[in-house]
Amino acid sequence: MIKAQGLSMEAVKRRIREQLLVERMIRRKVSLRVSVTEEEIDRYLIANREKLETGLAFEARHILFVPGAGSGEDGWTAARRRADEIYSRVLAGEDFGDLAREYSEDTGTAKNSGRLGVLKRGELAADIETAILRLSPGEHSPPFRSQVGYHLFELDSKETLAGEQLAQARNQIRDILYKQKYDTRLQEWLTEIRGKAIIEMRL
């Protein structure tokens, strides 16, 4: 194979020797000078938490109050009144699922106690998802207006970056930050080498 490529064994050995020398030099001048701290990982995690949590699951219920078709702002006001009335009953301790079955105007979920099912982050409209995920499990939202109507939400459960998932996320962040720093340091070193080469040529 070597002969077919027009090379000699010595040429191949020389090429491998040069590659090893380059790798050793890069390791000394670049790799060993790059590190990622836990504080840097923490800062990245805080700044990008929402993106990192995309795909995590949550379960919620809702009770929906829809304004009458063609009723304009009066319909929205009436829907809000109905939502306020049921919300006060939720706060008084009445069962959310029972109220959803009796009063929710979303016929698809009302018969199932208002359950929206298991959802992945990013599946719902952003404003609705934000309203749900700002709740703690077991907590209820005040009436929330969407394009459809007024909702009352109850969060049943949500996955968060914790335990094994958090450890995996931190490892991914470490790799991302290391690559960014490595690429930056490599470019700096190559620029430095080119600068020295130009100076030597001029001398």
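Quick notes on this structure:
- Among the residues of region 61-91, the ones that are charged (D, E, K, R), without any contact (Cβ under 8 Å) to a residue 60 or more places away in the chain and surrounded by 11 or more Cβ atoms within 10 Å (Cβ to Cβ) come to 4 in all.
- Of all residues in region 152-168, one or more are part of a loop (DSSP other than H, G, I, E, B), at pLDDT 80 or above and of a type outside the set (Val, Ile, Thr).
- Helices (runs of 4 or more DSSP H) fully within region 1-116 counting 3 or more residues that are more than 33 Å from the chain's Cα centre (by Cα) and modelled with pLDDT of 90 or more: 72-91, 96-103
- Matching residues in region 109-127 - criterion: being over 27 Å from residue 51 (Cβ atoms) and open to solvent by less than 50 Å² (accessible area, probe 1.4 Å): 109, 110, 113, 114
- Scanning region 100-140 for residues being under 24 Å from residue 80 (Cβ atoms), without any contact (Cβ under 8 Å) to a residue 12 or more places away in the chain and of a type in the set (S, T, N, Q) gives a total of 2.
- Any hit, region 32-44, residues being out of contact with any helix residue (DSSP H, G or I) (no Cβ under 7 Å at 6 or more places or on another chain) and open to solvent by less than 40 Å² (accessible area, probe 1.4 Å): no
The values are calculated or read from the model by the stated rules, or taken from the named source; none is laboratory data. What you see is a predicted model; the values in this text were computed from it and never measured. Note that we place each Cβ from the backbone using ideal geometry, even for glycine, and neighbour counts take in every protein chain shown. Ligands, DNA and RNA are stripped out before the accessible areas are found, and what is left, the full protein with its side chains, is counted by its heavy atoms. Shrake-Rupley method; radii C 1.70, N 1.55, O 1.52, S 1.80 Å.
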